[in-house]
Amino acid sequence: MSVSAEPRPVPEPPDPGVSGVPGSSGGAAGTQPPRPLVVTGGIAACAAVGSGLAVLVTLTAIGWITAPHVGIGTGLGGVLRSAALLWLVAHHVGFTVRGAGRIGMLPLGLVLLPGALLVLAGRWVVRVGSVTRLRHVGYAAVALAFPYALLAGALAVASRTAVAAPSLLQGVAASFLLALVAGGLGAARGLAPWSRLAQLMPARPRSIILGMLGAAAILGLVGSVLAAVSLAAHLSGVRAASDALGPGLGGAALLLLAQLGYLPNAIIWAVAYTLGPGFAFGAGTVVAPTGTVLGAVPAFPMLAALPSGAHPGGPAWLPVLVLTMPYLAGVFAGVVTVRIAPTPVIEAAPLWGFAAGAAAGGLAGLAAAFSGGPLGDGRLAAVGPSGFEVGLVAILEIGVTAALAAAAANWLILRRATRRTSKSSTTPAPVPNSAPGSDPTGVLTGVVDESDDADGHRIYVNPWAAAEDDHEDEDDHEDEDDHEDEDDWSAQDPPASPASPDDS
C-alpha cells in the first residue's frame, strides 16, 4: 500500500487545534515533493531496527569479553546472533532452549528501548512525509509497522541456532503491534502536543481514559513502594546472591542492567500482590498477602526479595493496609471521571465510573499476563501472576469502588452547582418545568447532557418565536386576503346602473 503525502495545489487548512506542523508551509518542503509514505516508513523502520541492534550488540560484546563462559557463541557471529535474539526479547518474543523448554518470562524494561526508538521514528515519518492531518496518522503508523515487522521476522530466522530458537509468528506479531502503537503515538505527538490531542476527544471518552490512567498510576505507585520496601527488607539476601554469582566488574554492570530490565515485572507482581491473588513462582507455590508457599528459586539477586515465611511479616495491620490500596485507586478513578464530565442523569454516573475502573482492572490483568511466563518445561513452567485472576479481581474491586465514588462525587457536584446558580440567579421566577440552576432544556449549567450527541453543545430556542411566527403569518394572510379581494373586484365588470324610464 502506497499513500502519498504530496501537497495539493491549494493547501488545505490544518485540523482544529493542530498548529506548528513541520513542512506544512514554505521552505524546501513546498518546492520539492516528498517521497511516498511507504518509502519513508521503510527508511524509519530500518533506522529504528539498526539503532536498537547497535545498542544491544555493544552490550552483548561487553558480556562476551568479560564473561566468555556464558555461552553467547563463538566469534563475532555468535555475538550478532545473541544480540538479535536479545532484540527480539525486547519485543517480548519468547524462545525455546534445547533441553530446557520454553522461555517466556522476559524483562519488560527492555521494551522501553524499541518503544522510544519507534516513537522517534513516527515523528520523523510525519515530518519528512509532510503529513499534516491527524486522520492520516494511521497511514503513517502502518507504513512504519509493516516493514518493521518484516525486519523482525528476518531477524527471528537469522538468529536461530541449535541452542535457542525464537518464535517467528510471535516475533512478527509483537513487532507489528509495538510499532503500530508506539509509531502512531509518535506520529500524533509530532502533529500536536498531548494537551491538544486530549482536547480533540469528546468529554465522556476523555474522562473514562483519564480515570483509568489515574487508577493505573495509583496502582503503579503502590506497587513500586511495596517492591522497594521488600527489597530493602531483604537487602542482605540480595547481596549474598550477588556475591555468590561472582560476576566481576563488567558482569556486575550487566547484572544490574538485567535487574533493571525486570523491574517493571517486579512492580506488576507487587500490584498483583496488593489485589489479592498474588503470584506463583513454580508449580504449587503462591505469594499472597494471606501467606507464602515458596520453593527453590534461581540464583538471581532480585528473587531474594520474595517473602519466604508462611505468614506475612510485620505488624498485623500491614496486610490490611496493602489490600485497601486497590479501593483507593477505584475512588480516585471515580472522582476523576465525574470531575471531568459530570452528568445530570444520576443513574449514569455509576456506569461511567465503573467503566473507568473496569478499564483499569483490564489493564492490570493485561500487564500481569505479560509480566510472567514459563522458565522451562519443569517445575518453573508457571511463573508470575495469572492475568485472568488479576484482571477479574481488579475489575470487581476497582470497578465497583469507582462506581460508588463516581455516584457520590457526581451528586456533590450537582448539589454545589444548584446552590451556586440559585444564589447568583437574578431572575425571580424560573422557567417552567426547569429546576433552579438549569437552562431552558432542563440541564444544569456546565454538566454534560447524556442525550446530547453534540458533546454538550446545544441550540437554545426562543420560546416566543413560535408565537411571533404565528402573528407574522396571520398578518401575511390578512394582507394576502386584502390583495386577493382587490384583485377579485378589479377583475369583475362594474355593476350595471338601474334602468331609467327613459331607456325603456
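Listed values, structure above:
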{"item": "Some residue of region 263-280 being part of a strand (DSSP E or B), of a type outside the set (S, T, N, Q) and surrounded by 19 or more Cβ atoms within 10 Å (Cβ to Cβ)", "result": "yes"}
{"item": "Lone qualifier among LEU134, LEU120 - being touching a residue at least 12 places away in the same chain (Cβ under 8 Å) and closer than 30 Å to ILE268 by Cα", "result": "LEU120"}
{"item": "First in region 201-224 and in contact (Cβ under 8 Å) with a residue 60 or more places away in the chain and within 27 Å of LEU134 (Cβ to Cβ), second anywhere and outside any helix (DSSP H, G or I) and open to solvent by 60 Å² or more (accessible area, probe 1.4 Å), Cβ under 7 Å, 6 or more apart", "result": "PRO202/ASP455; ALA203/ASP455"}
{"item": "Set LEU219, LEU213: member being closer than 22 Å to LEU108 by Cα, modelled with pLDDT of 90 or more and open to solvent by less than 70 Å² (accessible area, probe 1.4 Å)", "result": "LEU219"}
{"item": "Candidate set: region 284-314, residues that are open to solvent by less than 60 Å² (accessible area, probe 1.4 Å) and more than 18 Å from ALA270 (Cβ to Cβ); chosen: the one modelled with the highest pLDDT", "result": "PRO298"}
{"item": "Meets criteria (surrounded by fewer than 22 Cβ atoms within 10 Å (Cβ to Cβ) and touching a strand residue (DSSP E or B) at 6+ places or on another chain (Cβ under 6 Å)) for PRO385", "result": "no"}
{"item": "Residue that is modelled with the lowest pLDDT [pool: residues in region 98-129 that are surrounded by 22 or more Cβ atoms within 10 Å (Cβ to Cβ) and outside any helix (DSSP H, G or I)]", "result": "GLY129"}
{"item": "Any hit, region 34-42, residues being modelled with pLDDT of 90 or more, of a type in the set (S, T, N, Q) and open to solvent by less than 30 Å² (accessible area, probe 1.4 Å)", "result": "yes"}
{"item": "Pairs with Cβ under 8 Å, 6+ apart, first in region 361-377 and open to solvent by 50 Å² or more (accessible area, probe 1.4 Å), second charged (D, E, K, R)", "result": "ASP377/ARG102"}
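The values are calculated or read from the model by the stated rules, or taken from the named source; none is laboratory data. Keep in mind that what you see is a predicted model, and the values were worked out from it rather than measured. Glycine also receives a Cβ, built like all others from the backbone with ideal geometry; neighbour counts cover every protein chain displayed. All accessible areas refer to the heavy atoms of the entire protein, side chains included, with ligands and DNA or RNA removed. Shrake-Rupley method; radii C 1.70, N 1.55, O 1.52, S 1.80 Å.
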